[in-house]
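Contents: one structure, followed by commentary.
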Amino acid sequence: MIWSDEVYQTLEQGHRLAFGYGLVPWEFKAGARSWLLPGMIGCGMRLLALLGVTSGGWMVVAVKLGFALLSALALVAMLRIAQYAAGTAGVLLLGLVGAALPASLLYGSRAMSEVASAPCLAWALALLWRFGLGPAGRASEPGSAGWWSGQTVVRLLGAGGLLGLAAVLRYQVVVLVPVVVLLVAWRGSLAGAVLLAAGAALLIGMGGLLDWLTWGKPFAAFLAYLRFNLIEHVADRWGVAGRGFYLSTLVTTSGPVWLMLAFGFLLGLPRSWPVAVLAATYIAAHSAVAHKELRFIYPVLPLLLLCSAVGLTQVLDRLPTPRLRLAGAALLGCAMAGLLIAHARHLTFRDIGQPMDSQANGGPTSTSVWHAFDATNRLIARAGTFADLCGLAVPAANPYWTGGYTYFHRRAPLIWAGGRGDYDAANYVLLGPGQKMEDARYRRWMGCGSDELYRREGGCARPSRANLGYGRLSPSGIPGS
């Protein structure tokens, strides 16, 4: 884990929907999140259960592979645009760099709304490349009689629907919808812009209807989200940063390759400026908000890479033959990808601009972003498979930095304290670094990294209600809750 949202805003709520139990964060008490993404995840989890997946750990692996596929689909859409804008050399260069970008490797498989919205935005732009977003503008649009042809109408409505879906999945994407519509109206056709806007409005309206069905009012989650974050500034409690945050974190996560990427981005502006405008608009909107996280701009990272690949390909076009241009793209792409991967191996939380709690307060045992909290969550998932388990105590752990009931996947109490009475309610106890088992009833059962799992004989008493919940997380559908 690198942030609690990847569990409690998506996986845990999907698990709760699919199986009837889980931990509930404040956002899903206040109705500040849409049920669309958790609902989709819950349906997937239920299908996995029907297919015989019984372990929380393997269920999470399957879901994360699904999100990795979504990230790959976003890159594929940009590769299609690269073929139009820069030819095969651009495709080769973008593919190599896009697959190795540290931010993509870090976030691409996480169950977050940013990752889910990225392919929707990317494919909307791919569908619109002929309708005003391409470098040729009007020259690439259909004839005057073609705007209302069946194929064109479907393409524009589909692009608008994907834009609207991206906005429902990640509310911040809504700032791009009017920009895309205006670009199509200006460089394409007013008729095309109307069709595009109609498709987006339809999907956004369906998102509002979902809020009505789940939270009791149309667009209830969207309005609550705006109130909590733009008016009450609730998100600022998790940290604030200056306006240059996104530029600086892109530099620290990409290493020296960022110089080449920035050079390509600037060089490619004459051909890719409509896409660059969208990426810049999105980043500027997020830069105006005090609370910033690198993952927030994940949906436009493929757009930035596309612009860079288009510019770098123009340099390669100076080579005399197509074969040399392809060889140059391969060499340059492999060199940049190698440097990016080498830099990614040593990525820290400081590099991504994310402050973390100390280990004493439940933070990670390492500054590296890779394998943070793995040992704890692997043992939680393993404990959930034991037939004799009737309660698991994880004393002194911060529940926000665990996989919750999604990883545990067992309708039994998770207890976050370690007193004698708490241990009476748990026949398994998970201890982290520096913790010692002082209850003689328990024997070491297994370990993972610096964490250890202990077991005692016998059953479990009813847990104290106060020790089931933690802060703004509360249990739902758990025995004793």
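The values are calculated or read from the model by the stated rules, or taken from the named source; none is laboratory data. Here the structure is a predicted model, which means the values were calculated and not measured. With ideal geometry, Cβ positions are generated from the backbone for all residues, glycine too; neighbour counts draw on all protein chains shown.
For the condition touching a Ser or Thr at 6+ places or on another chain (Cβ under 6 Å), assigned by TED's automatic domain parsing to the domain that holds ALA126 and either assigned to a helix (DSSP H, G or I) or over 30 Å from LEU96 (Cβ atoms) (or both), what is the one hit in VAL240, VAL251, VAL310? So the residue among VAL240, VAL251, VAL310 that is touching a Ser or Thr at 6+ places or on another chain (Cβ under 6 Å), assigned by TED's automatic domain parsing to the domain that holds ALA126 and either assigned to a helix (DSSP H, G or I) or over 30 Å from LEU96 (Cβ atoms) (or both) is VAL310. Condition test on GLY95, is it touching an Asp or Glu at 6+ places or on another chain (Cβ under 9 Å), surrounded by fewer than 24 Cβ atoms within 10 Å (Cβ to Cβ) and farther than 30 Å from GLY42 by Cβ? For GLY95, the condition - touching an Asp or Glu at 6+ places or on another chain (Cβ under 9 Å), surrounded by fewer than 24 Cβ atoms within 10 Å (Cβ to Cβ) and farther than 30 Å from GLY42 by Cβ - is not met. Here TYR298 meets each of (1) closer than 17 Å to GLY87 by Cα; (2) crowded, with 24+ Cβ neighbours inside 10 Å with one exception, condition (1). Checking the stated criteria, ALA166 turns out not to satisfy the condition of being assigned by TED's automatic domain parsing to the domain that holds ALA280, over 14 Å from ALA124 (Cβ atoms) and of a type outside the set (S, T, N, Q). Count of segment 378-401 residues, restricted to those that are buried (at least 24 other Cβ atoms within 10 Å of the Cβ) and either among the hydroxyl-bearing types (Ser, Thr, Tyr) or touching a Cys at 6+ places or on another chain (Cβ under 9 Å) (or both), is 2. Would you tally the residues in segment 203-228 being surrounded by fewer than 18 Cβ atoms within 10 Å (Cβ to Cβ), at pLDDT below 95 and either in contact with a Gly (Cβ under 7 Å, 6 or more places away or on another chain) or within 30 Å of ASP351 (Cα to Cα) (or both)? Counting residues in segment 203-228 that are surrounded by fewer than 18 Cβ atoms within 10 Å (Cβ to Cβ), at pLDDT below 95 and either in contact with a Gly (Cβ under 7 Å, 6 or more places away or on another chain) or within 30 Å of ASP351 (Cα to Cα) (or both) gives 2. Looking at segment 393-419, which of its residues are over 23 Å from PRO433 (Cβ atoms) and out of contact with any strand residue (DSSP E or B) (no Cβ under 6 Å at 6 or more places or on another chain)? If the condition is that a residue be over 23 Å from PRO433 (Cβ atoms) and out of contact with any strand residue (DSSP E or B) (no Cβ under 6 Å at 6 or more places or on another chain), then THR406, HIS409, ARG410, ARG411, ALA412, PRO413 are the ones that fit. In segment 262-310, what residues are farther than 30 Å from PHE228 by Cα and β-branched (Val, Ile, Thr)? Passing the criteria: VAL275, VAL310. On the stretch given as segment 45-57, residues that are surrounded by 15 or more Cβ atoms within 10 Å (Cβ to Cβ) and hydrophobic (A, V, I, L, M, F, W, C) total 3.
Of all residues in segment 434-442, none satisfies being in contact (Cβ under 8 Å) with a residue 24 or more places away in the chain and either hydrophobic (A, V, I, L, M, F, W, C) or under 26 Å from PRO38 (Cβ atoms) (or both).
Determine, yes or no, whether VAL76 is more than 30 Å from GLY353 (Cβ to Cβ), surrounded by fewer than 19 Cβ atoms within 10 Å (Cβ to Cβ) and aliphatic (A, V, I, L, M). Taking the combined requirement at face value, the residue does not satisfy it.
Can you confirm whether GLY42 is over 30 Å from SER368 (Cα atoms) and either surrounded by fewer than 16 Cβ atoms within 10 Å (Cβ to Cβ) or at pLDDT 95 or above (or both)? For GLY42, the condition - over 30 Å from SER368 (Cα atoms) and either surrounded by fewer than 16 Cβ atoms within 10 Å (Cβ to Cβ) or at pLDDT 95 or above (or both) - is met. Within segment 302-324, residues that are buried (at least 24 other Cβ atoms within 10 Å of the Cβ) have Cβ atoms under 6 Å from residues that are of a type in the set (D, E, K, R) in these pairs: VAL310/ARG271, counting only partners at least 6 apart in sequence or on another chain. Residues in segment 68-89 that are within 25 Å of GLU114 (Cα to Cα) and among the β-branched types (Val, Ile, Thr): VAL76, ILE81. For segment 134-170, residues that are assigned to a helix (DSSP H, G or I), modelled with pLDDT of 80 or more and either touching a Ser or Thr at 6+ places or on another chain (Cβ under 8 Å) or of a type in the set (A, V, I, L, M, F, W, C) (or both) total 12. Put simply, of LEU278, LEU347 the only residue that is among the hydrophobic types (A, V, I, L, M, F, W, C), over 26 Å from LEU128 (Cα atoms) and crowded, with 17+ Cβ neighbours inside 10 Å is LEU347. For segment 325-365, the set of residues classified as closer than 18 Å to ARG110 by Cβ and either small (Gly, Ala, Ser) or more than 22 Å from the chain's Cα centre (by Cα) (or both) consists of ALA344, GLY353, listed by residue number. Only a single item in (1) in a loop (DSSP other than H, G, I, E, B); (2) closer than 28 Å to ALA344 by Cα; (3) touching a residue at least 60 places away in the same chain (Cβ under 8 Å); (4) small (Gly, Ala, Ser) is not met by ALA375, and it is number (1).
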